[in-house]
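Written out below as structure tokens is the structure these notes cover.
The values are calculated or read from the model by the stated rules, or taken from the named source; none is laboratory data. Model, not experiment: these values are computed from the prediction. Positions of Cβ are generated from backbone atoms using ideal geometry, with glycine treated the same way; all protein chains shown enter the neighbour counts. In case anyone asks, the SASA skips ligands and DNA or RNA and just uses the protein heavy atoms, side chains included. Shrake-Rupley method; radii C 1.70, N 1.55, O 1.52, S 1.80 Å.
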Amino acid sequence: MTKYIDEAKAILAANDRGGYTVPTDRLYPFQWNWDSAFVAMGFAAYDIDRAYRELERLAEGQWTDGMIPHIVFHQPSDSYFPGPDVWRTNHVIPTSGITQPPVFAMALRKIYETAVATGSVENKRTLTLYEAALKWHRWWYSARDPEGTGLVALLHPWESGSDNSPAWDVALARVATTTETPVVRKDIGHVNPQMRPRDEDYGRFIHLLDTYAACGWDPVEQWQQAEFKIADIQTSAILLKAGEDLHYLAAVLGRAGEADEIAVLNERTRQALKAQWRSHLSRFVSRDLLAGEDVVAATQAGFIPLLALDLDEATADAAAAEMRRWCKGMKVVFPTTEPLSASFEAKRYWRGPAWAIINWLLIEGLHRNGHAGFAAELRQSTISAIETEGFAEYFDPKTGEGCGGLGFSWTAAAYIALEKADSSAIQ
Ligand code: GLC
């Protein structure tokens, strides 16, 4: 509805800090990687120039080795911990030292296609951003899959974007809670501590950060020292979907050699992801590389591969049926943890709540795999939750209550994208 679209646009305008968008004021006062990619897709619906700009400002933080960090600290702020002094990455524009899901190339294709359709494409800008994305995808494969398995690994839970997901509980329990850096949490001064990760998890998050800082942020050294190493299906699926989009862009930009290179990487990831399907669970699973075990915790990540795979009908139906089972009795879907599992907490961040951007990915995945009706329901649930509760960071799936930070950028972007798309053609 126009009223809410206007509100969503007003949130993006209010969170603009000069060509980039903060996730929300105070709680997250810098540029976050995958937030900005989703935001760029929101902008693509009404302001192509601003959409390009969002990605360009994110690419300013790119490291020489290709990594695009999870936070770019364009301007100082004292309302967030850990800041640049803790990360110690020594970059000209201060950044964090870890990364986040590579939604970037998905956004770039969206911008490019919309720009072509409206006659506003800018070749030079597209090419520069394409090159940044390609460099980043190469980094993922060399730094985070040195053995060439096809799945990329996370060395820190924050890299998943699902910070305190039950998926990390077993692996994270092996990490010490002791830190070299004093932990001075600022998040719980902004929002209810009951909704945030627990203190012991924060100790572990910072312990890992200290370990990698001591490696001088060298990817090879970090790979050897890592006390947390998960070949993650959510990130790998996003990398593959973004890889498909990168392949498309390489072709339209006349980069045939690079298109071939990307196709080979995509195919390896496609096969590796398919192999993570577990029929007895009716979902995909990540792999804990240090323990040599599947990550069996029931989280939304198990269905994200639908975004990037064309499953056979029986597999797609089994995944959709399992997803429906999780939705039973929920006021707002999709819960990020299976509601009947012991780890489910309706209000605590990534341990149950519904997130608009996760729904956006799942909606696309359901469409791709022949479940347009279910996709439409998920879309409607997301739109209604936002219209009822506002542009909250996330939603309690049992009560529908909006939680966490308010005036949230990616919720606004998701609303714009989902509202604009008719239910048969989400993209
Ligand atoms: C939290 C979320 C992460 C997000 C960031 C900024 O850390 O877990 O996914 O990117 O906040 O919104």
Item to check | Listing of helices (runs of 4 or more DSSP H) fully contained in region 190-301 that carry 2 or more residues being out of contact with any Phe, Trp or Tyr (no Cβ under 8 Å at 6 or more places or on another chain) and hydroxyl-bearing (Ser, Thr, Tyr) | outcome: 199-214, 233-252
Item to check | Candidate set: region 50-83, residues that are outside any loop (DSSP other than H, G, I, E, B), open to solvent by 20 Å² or more (accessible area, probe 1.4 Å) and free of Cβ contacts under 8 Å to residues at least 40 places away in the same chain; chosen: the one farthest from residue 182 (Cα to Cα) | outcome: 50
Next on the checklist: Just to check your reading of the model, which residue among 320, 275 is surrounded by fewer than 24 Cβ atoms within 10 Å (Cβ to Cβ), touching a residue at least 40 places away in the same chain (Cβ under 8 Å) and of a type in the set (A, V, I, L, M, F, W, C)?
Outcome noted: 320
Checklist entry - Restricting attention to region 294-316, and to residues there that are touching a residue at least 40 places away in the same chain (Cβ under 8 Å) and of a type in the set (D, E, K, R), which single residue is surrounded by the most Cβ atoms within 10 Å (Cβ to Cβ)? => result 310
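Do we have residue 172 as crowded, with 18+ Cβ neighbours inside 10 Å and within 16 Å of the ligand (Cβ to nearest atom) here?
Yes; evaluated as a whole, the condition is true for this residue.
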Checklist entry - How many residues are of a type in the set (A, V, I, L, M, F, W, C), open to solvent by less than 60 Å² (accessible area, probe 1.4 Å) and without any contact (Cβ under 8 Å) to a residue 12 or more places away in the chain if we restrict to region 1-40? => result 1
Item to check | Every pair of residues 6+ apart whose Cβ atoms lie under 6 Å, when the first sits in region 236-264 and is farther than 27 Å from residue 161 by Cβ while the second is open to solvent by 10 Å² or more (accessible area, probe 1.4 Å) and not hydrophobic (A, V, I, L, M, F, W, C) | outcome: 259/247
Checklist entry - Across region 1-23, which residue is farthest from residue 418 (Cα to Cα) among those that are among the small types (Gly, Ala, Ser) and assigned to a helix (DSSP H, G or I)? => result 14
Checklist entry - If you check 87, 32, which single one turns out to be more than 14 Å from the ligand (Cβ to nearest atom), in contact with a strand residue (DSSP E or B) (Cβ under 8 Å, 6 or more places away or on another chain) and closer than 22 Å to residue 155 by Cβ? => result 87
Next on the checklist: Cβ-Cβ under 8 Å, sequence separation 6+ or interchain: first residue in region 208-229 and at positive phi, partner surrounded by 16 or more Cβ atoms within 10 Å (Cβ to Cβ). Which pairs?
Outcome noted: 217/89; 217/97
Checklist entry - Can you name the residue in region 131-163 that is among the hydrophobic types (A, V, I, L, M, F, W, C) and in a helix (DSSP H, G or I) and, of all such residues, is farthest from the ligand (Cβ to nearest atom)? => result 134
Checklist outcome for this item: Given the conditions (1) hydrophobic (A, V, I, L, M, F, W, C); (2) open to solvent by less than 20 Å² (accessible area, probe 1.4 Å); (3) touching a strand residue (DSSP E or B) at 6+ places or on another chain (Cβ under 6 Å), every one holds for residue 289 apart from (2)
Checklist entry - So which residues in region 180-200 are touching a helix residue (DSSP H, G or I) at 6+ places or on another chain (Cβ under 7 Å) and either open to solvent by less than 30 Å² (accessible area, probe 1.4 Å) or closer than 19 Å to residue 405 by Cα (or both)? => result 181, 185, 196
Next on the checklist: Can you tell me which of (1) assigned to a loop (DSSP other than H, G, I, E, B); (2) free of Cβ contacts under 8 Å to residues at least 12 places away in the same chain is the one residue 350 doesn't meet?
Outcome noted: (2)
Checklist entry - If you check 159, 113, 122, 147, which single one turns out to be charged (D, E, K, R) and open to solvent by less than 10 Å² (accessible area, probe 1.4 Å)? => result 159
Next on the checklist: For region 142-191, give me each residue that is under 23 Å from the mean Cα position of the chain (by Cα) and of a type in the set (S, T, N, Q).
Outcome noted: 142, 149, 160, 162, 164, 165
Item to check | Among (1) away from the ligand (no atom under 13 Å from the Cβ); (2) in a helix (DSSP H, G or I) - the single one residue 183 does not satisfy | outcome: (2)
